[in-house]
Amino acid sequence: MGIETLSIILLICLLFSFVIGSPVGLALGGIAMLIGYFSWGEGIFNVIPTTIEGTYFSYILLAIPLYIYMGQLLSHTGIGDAMFKASQLMIGKVRGSLAISVVFICSMIGAMVGIIGAGIMSSGTIALKPMLDAGYDRRLALGTIMAGGALGILIPPSIPMVMYAASTHTSVGRMFIGALMPALLTISLIVIYILISTKLNPKRAPLLSETIGLPVLKTKEKFKIAIDGLFSIGLIFVVLGSIIAGIATPTESGALGVGGAIILAMFFKRFKFEIFKKAGLQAASLISVAMLIIFGASLFSNFQLLMGIQSMISDFAQGLNLPPMVIIMMFQVIMILLGFILDDYVIVLMCAPLFTPIAVSLGFDPIWFGVLMIINILVAVQTPPYGFALFYLKGITPPDVGMGEIYKSVTPFIIINLIVLIICMIFPDIVTWLPNLIMG
C-alpha cells in the first residue's frame, strides 16, 4: 500500500475517532498501531518500547510535570490572585486598567500552567468575576481572559516549547529566549487595543472611581498587596532568569519553581496540607493526561516517519517549485486547520517532526520556525467555530453566555495574534536576535 493511500486512511480514521469522542492519546497511538499492523504485520509493535524509552526517559520532558505542579501550587495557594491585585494596583487609575492587569497576570498564570486549556481555565477562575463585578463589558472581559490565558504558551516556561525542542532536538533555552520578543510585542498590541477601544467606548471599562461597591484600600493594605505581588511575580523571573543566565536547565528551573512556590506559600502563611494535597492530585491528573497524549502522539509521529511521510511532504513541497516562504505559509495554514480539532501540544508533537526538517532544508532557522509554530497554534486554537480553546473558555463563563458571544469576544485578539505572526515571518530577527545575542 502506498504512502499516499496510508496517509488518507490514517487521516480519515483519526477524524472519525475525534467525531465519536475517543480520547486523543488513545486515538492517535491506537490508530497508528492498528493501521501499521494491517500494513506491515507484528513488526510494527517494536515501535512501542522505543517510543516509551524516547518519551518517558527524556530529561527535557521531565520539565512538564514540574511546571504543571508549580502552576497548581501558585493557583491553589492564592499567589496567582496576589499577582492580579498587585498588577491592578500598579497600573492605577487608567480606563481599562483592570483589563490590562488581567492580560499581564493571565499571561503569567498561563505561563506557569504551561498549556492553553489549563491556562485559560485557571486565569478565568481568578479574573472573570472581578471584571464583571467592576462593570466591564462582557465581551471585553472574555476576550481579554482568552488572550492572556492562551498567551501563556508563548511566554516561557512553555510546555509546547519544551515538546517542540524535544521532538526536533533543538535548544529549549534558545526557544524560550526567542519567544520573548514576540510575546512582548503581542502583549503591547493587546494593551494598545484595550486603551483605544475603551477610550472610544468608555462604557466598556468604567474607571474604578465610577464603580460603586468596591472597597477603598488603606495605605497599609496597598503596601501588603504590593509586597505579595512583588514576591509572586519575582518567582517567574527567577525561573526564567535561571535559564537565560545558564544557571539551570529548563528541567532544573521547573524544580526551582516548585520549591519557590512552596516557600512563597509558607511565607504568605497560605500553605496547608489540604492545599498541598489538592494541588498534587490535580497536577497528577493533568500530568497523566498530558503524558498519555504525548505517548499517543509520539507513536503517531513515529509511525508517520516510518511510512516515509516526511520524504513525501518534502518531495511534494519541492515539486511545487514555490518560493520557500510560500511553503512556510502552507505549513501555517495546515496547522491553523489542525487547531480546529486538536489541542496545542498535540499539534506540536504531530507537526514539529514533519515540518521542521523541511523548513531547515529550505534554509530557515529552526528556532524561528518553532516560535512561528507556537504563535500559529495560538491563533488556531482560538479561531471560531471549532477552536479548542473556545470550549475551555465556555467552561468558566456564566450560563447565559453563548458561543456566538464568545466568538465575537475573541475576534479582535485573534487578529492581533495574526499580525504578530505576519510581522515575525517578515522580520525573523525579532525571534533570532535575542537568542543569538545571549547564547551566541
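The values are calculated or read from the model by the stated rules, or taken from the named source; none is laboratory data. All values reported here derive from a predicted model rather than from experimental measurement. Ideal geometry is used to build each Cβ from the backbone, glycine not excepted, and the neighbour counts take in all protein chains shown. These area figures cover heavy atoms from the full protein model, side chains too; ligands, DNA and RNA do not enter into them. Shrake-Rupley method; radii C 1.70, N 1.55, O 1.52, S 1.80 Å.
Restricting attention to segment 76-106, and to residues there that are assigned to a loop (DSSP other than H, G, I, E, B) and over 18 Å from Ile236 (Cβ atoms), which single residue is modelled with the lowest pLDDT?
Only one residue fits best here, namely Gly92.
Can you pull out the residues in segment 1-29 that are open to solvent by less than 40 Å² (accessible area, probe 1.4 Å) and at pLDDT 75 or above?
Pass one, segment 1-29, residues open to solvent by less than 40 Å² (accessible area, probe 1.4 Å): 2, 6-7, 10, 14, 17, 22, 24-25, 27-29.
Hits for segment 1-29 are Leu6, Leu10, Ser17, Ala27, Leu28, Gly29.
Being modelled with pLDDT under 75, surrounded by fewer than 24 Cβ atoms within 10 Å (Cβ to Cβ) and over 11 Å from the mean Cα position of the chain (by Cα), is that true of even one residue in segment 110-121?
Yes, there is a match, as at least one residue in segment 110-121 is modelled with pLDDT under 75, surrounded by fewer than 24 Cβ atoms within 10 Å (Cβ to Cβ) and over 11 Å from the mean Cα position of the chain (by Cα).
Provide a single number: the residues in segment 234-247 that are over 14 Å from Ile177 (Cβ atoms) and surrounded by 19 or more Cβ atoms within 10 Å (Cβ to Cβ).
2
Give me a count of the residues in segment 247-261 that are assigned to a helix (DSSP H, G or I) and among the hydrophobic types (A, V, I, L, M, F, W, C).
4
Here's the yes/no breakdown for (1) over 24 Å from Ile374 (Cα atoms); (2) of a type in the set (A, V, I, L, M); (3) open to solvent by 20 Å² or more (accessible area, probe 1.4 Å); (4) modelled with pLDDT under 75:
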{"site": "Ala283", "(1), (2), (3), (4)": "no, yes, no, no"}
{"site": "Ala290", "(1), (2), (3), (4)": "no, yes, no, yes"}
{"site": "Ile294", "(1), (2), (3), (4)": "no, yes, no, yes"}
{"site": "Asn302", "(1), (2), (3), (4)": "no, no, yes, no"}
{"site": "Ala317", "(1), (2), (3), (4)": "no, yes, no, yes"}
{"site": "Met329", "(1), (2), (3), (4)": "no, yes, yes, no"}
{"site": "Gly339", "(1), (2), (3), (4)": "no, no, no, yes"}
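Among (1) touching a residue at least 60 places away in the same chain (Cβ under 8 Å); (2) open to solvent by 80 Å² or more (accessible area, probe 1.4 Å); (3) of a type in the set (A, V, I, L, M), where does Ala265 come up short?
(2)
Looking only at segment 123-154, how many residues end up being under 22 Å from Ile374 (Cα atoms) and of a type in the set (Val, Ile, Thr)?
Result for segment 123-154: 3.
Counting only residues that are assigned to a loop (DSSP other than H, G, I, E, B) and under 22 Å from Pro65 (Cβ atoms), how many does segment 262-271 have?
Residues that pass the stated criteria total 1.
Quick check on my filter: what residues within segment 202-239 are modelled with pLDDT of 70 or more, of a type in the set (A, V, I, L, M) and in a helix (DSSP H, G or I)?
Ala226, Ile227, Leu230, Ile233, Leu235, Ile236, Val238, Val239
Could you list, in sequence order, the residues of segment 419-435 that are crowded, with 17+ Cβ neighbours inside 10 Å and aliphatic (A, V, I, L, M)?
Val420, Leu421, Met425, Ile430, Val431, Leu434
Every residue in segment 153-171 that is open to solvent by less than 10 Å² (accessible area, probe 1.4 Å) and among the β-branched types (Val, Ile, Thr), please.
Looking only at segment 153-171, we keep the residues that are open to solvent by less than 10 Å² (accessible area, probe 1.4 Å), and these are 153-154, 156-165.
The answer is Ile153, Ile159, Val162.
What's the total number of residues in segment 404-418 that are within 12 Å of Gln382 (Cα to Cα) and in contact with a Lys or Arg (Cβ under 7 Å, 6 or more places away or on another chain)?
Selection size over segment 404-418: 3.
Given the options Val381, Val410, name the one that is of a type in the set (A, V, I, L, M, F, W, C), within 18 Å of the chain's Cα centre (by Cα) and at pLDDT 80 or above.
Val410
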